[in-house]
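A.B. asks: This is the structure, below, for whatever I ask next.
The values are calculated or read from the model by the stated rules, or taken from the named source; none is laboratory data. Just so it is clear, the model here is predicted, and its values are computed rather than measured. Virtual Cβ from ideal backbone geometry, glycine too; neighbours counted across all protein chains shown.
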Amino acid sequence: MKRIFSLILSALIILFLASSCANDSSNDEVFTPTLDKEYTCNIKIVGDYSNFEALEAEFDKFNEYYPNVELSYIKLDDYKNNLSTTLNGNEKPNIFFSYTWMIGDEKYKSVVSHMENFSNSTLKSNLDCIRPGLINHDENGNVLMVPVFSRTYGMLVNNDLFNKEKIDVPSTWDELIDACNKLKENGHKSPMMGYSLTSSSSLMNTIAYPLFVSVLANNEEALNLANSLDSRAGGYMRGALEKVDSLIRNGFIDLDSCDEIEDNYEKVLLRFFEGDVPMMICTGDTVSGTKKREEKSEAFTKSPFNYSFSPIPLTNEGGYFIDSPSIEFSVNKNCDNLDMTNEFMKFLISNNELNEMAKIKRLTTPTKKMSFDSLYAPFAKISSDRIFYPEALGIKDQLTVQTRIASFKVGRGELTVSEAVSMYGSFA
């Protein structure tokens with residue numbers, strides 16, 4: 001039954017992506033206020049972003065309907081550890097950042113107990129505007145969180161540099177190898193770079209994870225073994241680890257150069273904006289900071305260049321679009337002014353507002369009507385059979401930990417591919 005459901009879901013996703021919901025008029029509805037426009041209250045949203053201008057722009061638009069509603073966003077320090085206490089405190093937030101891994105985790109049982117059920121028909125939440133593979137349900141079929149942004153894995157490409165070197169931006173594995181060889185011949189010490197100091201969000205996992213997901217997506221037995229941390233699942237990870245090993249051992253990724261990058265966000269972007277890095281491996285979450293870092297980079301300000309975010313071409317059929325929720329919102333059902341809180345969420349969950357937020361934040365929208373920023377245009381060319389939704393497939397967090405640590409150790413030369421394969425399930 002699970003296999004049948006997965007096949008049906010995949011078919012629906014392909015259909016939705018192909019049609020872009022052109023005939024779904026419900027997704028084009030104009031927001032209609034249902035409460036008294038003189039309603040006066042405060043709505044507080046907490047999360048782990050340092051700032052959230054994209055959301056604050058939505059506050060201004062919502063105030064056009066409800067001018068007396070004061071909305072605010074607050075960054076909560078040590079978010080994962082303090083969220084439960086905050087939800088149970090005197091000044092309860094109305095809305096909070098949530099993540100799929102919270103569901104089923106005993107540590108976050110209290111947090112989950114606060115979550116409003118968006119699938120409750122009385123809320124009239126427009127969940128139909130969101131790509132089905134991004135919406136997750138708890139064991140009772142309830143939708144407790146709504147994706148606001150989507151993330152993926154890929155590489156920032158300096159298109160002007162490729163043009164200068166008269167090399168085509170690679171779209172297949174063979175083209176990637178050929179491009180890296182030519183770039184090295186032309187004096188580029190490390191054609192591909194990325195953050196490499198720790199296993200957390202390292203370039204190694206950004207290469208390995210999409211390929212491992214693609215293998216598991218088409219093999220239910222392998223997925224079950226991997227989720228249960230069965231050592232036999234290691235064999236299915238081999239191909240992904242071999243790609244990491246190949247790129248590093250062939251000198252296409254110089255780890256000494258990568259180790260000079262001190263974090264996987266600002267330092268990665270500032271290094272890319274120096275203008276001499278052909279391909280910078282990172283996630284969409286990192287890419288979201290490009291606009292502000294352009295202004296911070298003296299090199300880019302003096303010599304700006306055209307760049308885009310592309311899938312890493314891990315096979316000769318191309319790369320993958322691994323489509324996962326980046327940030328999700330949950331409503332605190334125990335908050336004050338719950339009716340206005342749900343009204344704001346009804347306003348926010350729409351093609352127009354979610355797409356606008358994604359545009360400002362420079363992340364991928366979670367809606368079916370994917371309005372790609374030109375930065376993400378290469379992902380718009382990915383065929384539907386190469387788009388995978390890890391959460392919809394049932395990929396668990398403990399599985400991703402195995403890939404992340406195994407790929408890091410292989411990339412650093414601490415383990416061979418075969419050793420890492422045999423140790424699947426033991427990484428922590």
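A.B. asks: Given the criteria among the aromatic types (Phe, Trp, Tyr), more than 17 Å from residue 132 (Cβ to Cβ) and modelled with pLDDT of 95 or more, does residue 320 qualify?
C.D. replies: Answer is yes for this residue.
A.B. asks: Within region 339-428, considering only helices (runs of 4 or more DSSP H) that don't extend past its boundaries, which have at least 2 residues that are farther than 28 Å from residue 43 by Cβ, in contact (Cβ under 8 Å) with a residue 40 or more places away in the chain and touching a helix residue (DSSP H, G or I) at 6+ places or on another chain (Cβ under 7 Å)?
C.D. replies: 390-393, 397-411, 417-422
A.B. asks: Looking at region 83-110, which of the residues that are assigned to a loop (DSSP other than H, G, I, E, B) and more than 23 Å from the chain's Cα centre (by Cα) is surrounded by the fewest Cβ atoms within 10 Å (Cβ to Cβ)?
C.D. replies: By that ranking, first place goes to 90.
A.B. asks: For the condition out of contact with any strand residue (DSSP E or B) (no Cβ under 8 Å at 6 or more places or on another chain), surrounded by fewer than 20 Cβ atoms within 10 Å (Cβ to Cβ) and acidic (Asp, Glu), what is the one hit in 397, 336?
C.D. replies: 397
A.B. asks: Another one. If you go through region 241-288 one residue at a time, how many are over 14 Å from residue 202 (Cβ atoms), at pLDDT 95 or above and not in a helix (DSSP H, G or I)?
C.D. replies: 12
A.B. asks: Tell me the residue from 381, 369 that is of a type outside the set (S, T, N, Q) and under 17 Å from residue 210 (Cβ atoms), please.
C.D. replies: Exactly one of 381, 369 is of a type outside the set (S, T, N, Q) and under 17 Å from residue 210 (Cβ atoms), namely 381.
A.B. asks: Here's something else I'd like to know. Taking the condition of being modelled with pLDDT of 95 or more, part of a loop (DSSP other than H, G, I, E, B) and under 30 Å from residue 352 (Cα atoms), how many residues in region 143-173 meet it?
C.D. replies: Final tally of qualifying residues: 3.
A.B. asks: Okay, next question. Take the conditions under 14 Å from residue 314 (Cα atoms) and surrounded by fewer than 23 Cβ atoms within 10 Å (Cβ to Cβ) and apply them to residue 214. Does it pass?
C.D. replies: In short, yes.
A.B. asks: Can residue 376 be described as in contact with a Phe, Trp or Tyr (Cβ under 9 Å, 6 or more places away or on another chain) and at pLDDT 95 or above?
C.D. replies: So residue 376 fails the test.
A.B. asks: Quick check: is even one residue across region 182-205 assigned to a helix (DSSP H, G or I), over 21 Å from the mean Cα position of the chain (by Cα) and in contact (Cβ under 8 Å) with a residue 40 or more places away in the chain?
C.D. replies: yes
A.B. asks: Would you confirm whether any residue within region 228-236 is buried (at least 17 other Cβ atoms within 10 Å of the Cβ), touching a residue at least 40 places away in the same chain (Cβ under 8 Å) and touching a Phe, Trp or Tyr at 6+ places or on another chain (Cβ under 7 Å)?
C.D. replies: yes
A.B. asks: Give me the pairs: first residue in region 239-252 and aliphatic (A, V, I, L, M), second residue at pLDDT below 95 and assigned to a helix (DSSP H, G or I), beta-carbon distance under 6 Å, and six or more apart or on different chains, which are they?
C.D. replies: Taking only residues 6 or more apart or on different chains, not a single pair turns up.
A.B. asks: Look through 364, 341 and report the one residue that is of a type in the set (S, T, N, Q), crowded, with 24+ Cβ neighbours inside 10 Å and out of contact with any Gly (no Cβ under 8 Å at 6 or more places or on another chain).
C.D. replies: 341
A.B. asks: Going residue by residue through region 244-261, is there one that turns out to be more than 22 Å from residue 326 (Cα to Cα) and under 21 Å from the mean Cα position of the chain (by Cα)?
C.D. replies: Yes, region 244-261 contains a residue that is more than 22 Å from residue 326 (Cα to Cα) and under 21 Å from the mean Cα position of the chain (by Cα).
A.B. asks: Can you pull out every residue in region 111-133 that is part of a helix (DSSP H, G or I), more than 25 Å from residue 84 (Cβ to Cβ) and not charged (D, E, K, R)?
C.D. replies: 121, 122, 127, 129, 132, 133
A.B. asks: Further question: Going through region 38-57 one residue at a time, which ones are at pLDDT 95 or above, surrounded by fewer than 17 Cβ atoms within 10 Å (Cβ to Cβ) and in a helix (DSSP H, G or I)?
C.D. replies: 56, 57
A.B. asks: Test residue 113 against the stated conditions and say whether it is free of Cβ contacts under 8 Å to residues at least 24 places away in the same chain and surrounded by fewer than 23 Cβ atoms within 10 Å (Cβ to Cβ).
C.D. replies: yes
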